[in-house]
Amino acid sequence: MAINRYDLVTRHNPEVNGIDAYAALSVGNGEFAFTADITGLQTFPREYASGIPLCTQSQWGWHSKPADNETGSYHINDLKMEYFDTLTRKVGYRTDPQNQEEAYRWLRMNPHRLHLGQIGLKMIKQNGNPVIAEDLCNAKQNLNLWKGLLESSFEVKGDYITAQTDAHQGKEVKGNCITAQAGAHQGKTQSRDCIATKTCAHPSKDMVSFVVESHPASMERLAISIKLPYGTHLKAAADWDNDSAHYTEIEKSVQSACDKGDTGNCTKVGDGKRQDVILKHTLDKTIYNVRLAFSEGASFKRTGRNSFIISPAPGTAKLELSCLFSPQKDESQLPLFDQTLQESEKAWKDYWSNGGAIDFKNSTDPRATELERRVILSRYLMRVNCAGTLPPQETGLIFNSWYGKYHLEMHWWHGVHFPLWGQAELFEKSLGWYETILPVARELAQSQGYEGVRWPKMVAYDGIDSPSPIGPLLIWQQPHPIYYAALLYQLNPARQTLEKYSNIVFETANFMASYAEYNEEQNQFNLGPALIPAQENHRPQDVVNPTMELEYWAFGLNTANQWRKRLSLSPVEEWTKVAKGLAPLPVMDGVYLAHENCPDTYTRYRNDHPSMVYALGILPGIKADREIMLKTLKTVMEKWDFDGTWGWDFPMLAMTAARLGQPELAIDCLLMDAPKNEYLINGHNKQGDKADLPIYLPGNGGLLTAVAMMAAGWNGCTENTPGFPKDGSWCVTWEGLHPIL
């Protein structure tokens, strides 16, 4: 029986009933996102700053703060190298800030992603005081996942609206948000002043639309405030204390003509008319435009160098606003709210109706409902934040983490789930970026004496690796593009797929083969020393042959030669030689180690990522032994400090358990009660109380990847739902999912 997708999705619509710093809700389309507070706009940013900041972000919105030098910037080549001994030579990395602190810090922090603009309500109470957060009551907010529609309503303490009633019958009188009983003998009733908003993002424009409704008497004391900030690398992506460093020009406004009754200059939309304003915001070398379209008769006013308000026309009960952000001037006609919502509904219905789905509603395991909620909300969040033309930062388009830059080792966790859920095109949108940075990645490899391309770790759109004591030494992101290509080919085994990704696959393999060093005494190829594994808490000088990376190297090089064979090309002998000659996975006492120089893996290093188990989990396990891996997994479950792990470690463990025929353990891992495995009311994977990284989208992506794998299996698996228990407690209905490699 087909899954009723509407029921599946909408039964998990998030509902929020008050100000909660961790309950902010977002609307967006993968290229653009707007994150709102309880009012449906960004009215109370201070109350959310400690949790999920209220930002407006896009894929193109970046800023660099001028450096304190003659050129106003630094280049990565300005930094001196720190040299590390490998088996045969010294290799330089930009890891040491000593004696170059200013350039080092500037390159880490720039470019940074930008908060494009704060759009909130400006409200005045009947007593003349501004409405503050504490004045709100009876707040109700619902995110309609099927439509991409955020609906909010709230009342203001102390403010009441008096309405005339039928004095003879004492009928109920309906205000905007509540119903009040009239006094029959008085013929009047009072209801608390109530404001209702609706918010949605356009599916193909970097635009958000609003409608604000209330009693006309309330609307007279209400306006929409628009503030454009200066840029910063910090979490909130906005510097509100540096107003003189940037300026917003009013490039175009037809509002005045409308006010004068010249309706020929007002664009008709439906039964009403709208007015247009174009703003040009300049902050250093970053320039972008903000186009506003709003209700007829509303007034637009500058309130500061970079701040404006839009007030409703007198006597109206509704104010509409559409706000488009763009790197270039855009004078196309903007839709107001109803048309934006229509487009949003169409796009979200298409998203939910196509691709994969999984339903647990008839399960008796009490955890099933929560897992289903996590799946649905994760699918929404990943569509909003991780389906764009660039790899996402760890917090997507919500707020800045690591200066808004993305970590390429995390791209796997952000995107692999899309093909598994039947929507590979949403992942492929960001894969084209690798082609654009090939020259930069090739230069990086050559600067270190390697062939091919070395993919960076922490980067912005320019592909330039950021200096760091850890990042430049990380290597497990290197085989990722080969994995992506292999997964896409499994779904679409066509020559077109082979040709599209052949350059990326071959250049990646060239680097991987040249990176491994041959040890004549051991008669094997080694990885390290001078690398940092996925479990990042190791000295690079100590690391030799980390378990996960060895497995990934073998997978990547073998897959690259398979790619050549499919294209009727001869295999590269060096790739074959290195893949066959790689060191065995390091084992001690019957379990895999983090790396061969880490006998205290399960004592001193029993935190961060338990990367040993990746070798037979996210990877099919070319070199791994199943019995050893099962003992390794059970040892991790017994001895690991799960307070020190990260959100994607739990689904990763579940994937290993599933491959090893341990479905009960897979469920236990996936839903483990641990600080960094909490999923908030909005679906975000909370990372404990980390102030700088309160949410973590790799956890959401990992969850979706694991669930798809646990249901649809993996390449060569013939069992249905191999990752779910068969004792009758889990009733799993799925459709449209695909097996992992």
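No value in this document is a laboratory result; all are computed from the given coordinates. Quick caveat, the model's predicted, so the values are computed rather than measured. Cβ: placed from backbone, ideal geometry, glycine included. Neighbour counts: every protein chain shown.
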### Query
Which angle from 0 to 90°, rounded to the nearest 10, does the C-alpha axis of helix 495-515 make with the longest principal axis of the chain?
60 degrees
### Task
Return the Rg/Rh value of the range 400-512, two decimal places, where both radii are evaluated on C-alpha atoms and Rh is the Kirkwood radius.
0.96
### Message
Give me the extension gain from N4 to A133: residue separation times 0.36 nm, minus the current Cα-Cα distance, reported in nm with one decimal.
### Response
42.5 nm
### Query
Which distance in Å, rounded to a whole number, links the C-alpha centroids of the range 204-238 and the range 328-365?
22 Å
### Query
By count of other Cβ within 10 Å, fewest leading, how are L149, L321, L228 ordered?
L149, L321, L228
### Task
For n ≥ 4 DSSP H runs only, could you compute -39500 (n - 2.57) per run for the chain, divide by its residues and tell me the 222 nm figure to the nearest 500?
-8500 deg cm²/dmol
### Task
Please report how many Lys pairs in the range 32-155 have alpha carbons closer than 29 angstrom, counting only residues at least 8 apart along the chain or sitting on separate chains.
5
### Query
Taking K and R as +1 and D and E as -1, what net charge do the other residues with C-beta under 12 Å from the C-beta of L550 add up to?
-2
### Query
Once the Cα atoms of helix 697-712 and of the chain are each reduced to a long axis, what angle between those two axes, in degrees from 0 to 90 to the nearest 10, is obtained?
70 degrees
### Message
Between helix 626-639 and the chain, what is the angle of the helix's C-alpha long axis to the longest principal axis, kept within 0 to 90° and rounded to the nearest 10?
### Response
50 degrees
### Message
Modelling each spin label as a point 7 Å along the Cα-to-Cβ direction, I'd like the N242/S570 distance in nm, to one decimal.
### Response
5.8 nm
#### Entry: Diffusion constant of the range 92-131 at 20 °C, which comes from Stokes-Einstein with the Kirkwood Cα-pair radius and 1.002 mPa s, µm²/s
147 µm²/s
### Message
Please give the charge dipole size of the range 584-686, origin at the Cα centre, charges +1 on K and R Cβ atoms and -1 on D and E Cβ atoms. Round to the nearest 20 debye.
### Response
200 debye
### Task
In nm, give the distance between the simple-model label positions of Q328 and N142, each being 7 Å from the Cα along the Cα-to-Cβ direction.
4.2 nm
### Summary
Taking R0 as 35 Å and r as the Cβ-Cβ distance between K690 and R604, the FRET efficiency 1/(1 + (r/R0)^6), rounded to the nearest 0.05, comes to 0.95
### Query
If you work out Kirkwood radius over Cα pairs in Å from the coordinates, which of (i) 27.6; (ii) 29.9; (iii) 26.4 do you get?
(i)
### Query
In the range 603-647, which residues have a backbone nitrogen under 20 Å from the label point lying 7 Å from Q562's Cα in the Cα-to-Cβ direction?
614-626
## Note on the structure
So the FRET efficiency between K125 and T316, C-beta based with R0 = 30 Å and rounded to 0.05, is 0.90
### Task
Between S729 and D85, with labels modelled 7 Å along Cα→Cβ, what's the label distance in nm to one decimal, could you check?
5.4 nm
### Query
Taking 0.36 nm per intervening residue step and subtracting the Cα-Cα distance, what contour gain separates Y22 from E499 on full extension?
167.2 nm
### Which listed pairs, of K457/K690; K346/K686; K405/K580, have C-alpha distances above 27 Å, in listed order
K346/K686; K405/K580
### Message
To make sure I understand, if each residue's beta carbon is the centre and we count other beta carbons within 10 Å, what order do I464, I287, I310 fall in, fewest to most?
### Response
I287, I464, I310
### Query
How high is the FRET efficiency between E627 and R11 when r is their beta carbon distance and R₀ equals 60 Å, given to the nearest 0.05?
0.90
### Task
List the residues of the range 322-344 whose backbone N lies under 16 Å from a point placed 7 Å from the Cα of T389 along the Cα-to-Cβ direction.
325-330
